[in-house]
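The values are calculated or read from the model by the stated rules, or taken from the named source; none is laboratory data. Being a predicted model, the structure only gives us computed values, none of them experimental. A quick note on method: Cβ atoms are made from the backbone with ideal geometry, for glycine too, and the neighbour counts reach across all protein chains shown.
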Amino acid sequence: MKKTIVIFLICACHEISFSQLGGEATYQFLNLISSPRQAALGGKVLTNVDYDVTQGLYNPAAINVSMDNQLALNYSSYLGDIGYGTAAYAYTWDRRTQTIHAGVTYINYGDFDGYDENGISTGAFTGNETAISLGYSRQIGYSDFYLGGNLKFITSKLEQYTSFGMAIDVGLIYINEDLDFNAALVIRNVGTQITTYAGLNERLPLEINFGLSQTLQHMPLRWHLTFENLQKWPISAPNPAQVITDLEGNVTEDKVGFLSNVIRHAILGAELFPDRGFNLRIGYNFRRAEELRILEQRNFSGLSFGIGIKLNKMRFSYTHARYSSASNASFFGLQIDLQ
């Protein structure tokens, strides 16, 4: 086991050297928010180890027996009339010690009008992508560490072009039950295209995230701190729109310092009453807030908030996430206990 982990980390580090963010890798939908609960807590939470079966889509190490026979269906009315959703299910066997997880992520980009180089209509076309995953997690010996993995099969169709790929996610989580404290590291989307769109092999959107969370001792609140996209530093670039020229013609360039880069990797979240039938959730994504903010205008980009309600064997979740003054996103979720 140790030898396997070392080999994997060496391969992952090799990929990190060449990894990129949005626009420079294919299958970008793989890193979209997986559920309303995730969205409400800032978009990327790694450390929830409970009934939430959708959590296994983002961190396979969180797969546990509490997810047994839980079915989750989630949908988002995303930006630009894009619709996407996820589904997840887990089943436990072998005297309730082994749990296997299955999930689906689907995105539909809508309908488009096609034209050739002469402006002549070629008819309407669409685009959609799907990822099917199988996941499993296991305790490492008798320690407080759990190791999990997802195997993903990816299909994509954009107009007349199609592609197929495979990827794996690997997660490691530390659970301290005495302190009710969790810490997790996840490496996502290590894989390749099997068939390409037009003969050009593109990289997958590799992502490395690290998260911490803890429930306060004398207050029913669980805080979350996540550092996203650790594979890329710096994560931001100077904004040409913020270049200042004074009356004497001196130009002051926009600069992004070390602390600003650290903050842009961070996501904060909090869940009130996490173990009860009614939950309040709030999150703040610093990178989203900075990249989508409008100068001299307050639009609360990066902020998200949501609720969760349990009725008998069903849990309903809703989240509203602020992106910009022009567009925001809503997330809807339903989890059903099939036992």
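Does Ala87 fit the bill of being more than 26 Å from Ser156 (Cβ to Cβ), in contact with a strand residue (DSSP E or B) (Cβ under 7 Å, 6 or more places away or on another chain) and surrounded by 17 or more Cβ atoms within 10 Å (Cβ to Cβ)?
No; evaluated as a whole, the condition is false for this residue.
Counting only residues that are modelled with pLDDT of 95 or more and among the aliphatic types (A, V, I, L, M), how many does segment 312-328 have?
Qualifying residue count for the region: 1.
Of all residues in segment 202-215, count the ones that are over 14 Å from the mean Cα position of the chain (by Cα), more than 21 Å from Pro274 (Cβ to Cβ) and in a strand (DSSP E or B).
Total satisfying the criteria: 0.
I want to confirm something. Restricting to segment 91-141 and keeping residues that are in contact with an Asp or Glu (Cβ under 6 Å, 6 or more places away or on another chain) and free of Cβ contacts under 8 Å to residues at least 40 places away in the same chain, which single residue is surrounded by the fewest Cβ atoms within 10 Å (Cβ to Cβ)?
Residue satisfying both the conditions and the ranking: Ala124.
Which of (1) of a type outside the set (Lys, Arg); (2) at pLDDT 90 or above; (3) not in a strand (DSSP E or B) does Gly80 not meet, given it meets every other one?
Result: Gly80 fails condition (2) only.
Tell me, yes or no, whether segment 284-298 has at least one residue that is modelled with pLDDT of 85 or more, touching a Gly at 6+ places or on another chain (Cβ under 9 Å), under 28 Å from Asp337 (Cβ atoms) and among the small types (Gly, Ala, Ser).
Looking for residues that are modelled with pLDDT of 85 or more, touching a Gly at 6+ places or on another chain (Cβ under 9 Å), under 28 Å from Asp337 (Cβ atoms) and among the small types (Gly, Ala, Ser), one finds none in segment 284-298, hence no.
Filter segment 280-338 for residues that are surrounded by 17 or more Cβ atoms within 10 Å (Cβ to Cβ), polar (S, T, N, Q) and farther than 23 Å from Ala266 by Cα and give the result.
Ser317, Gln335 - these are the residues of segment 280-338 that are surrounded by 17 or more Cβ atoms within 10 Å (Cβ to Cβ), polar (S, T, N, Q) and farther than 23 Å from Ala266 by Cα.
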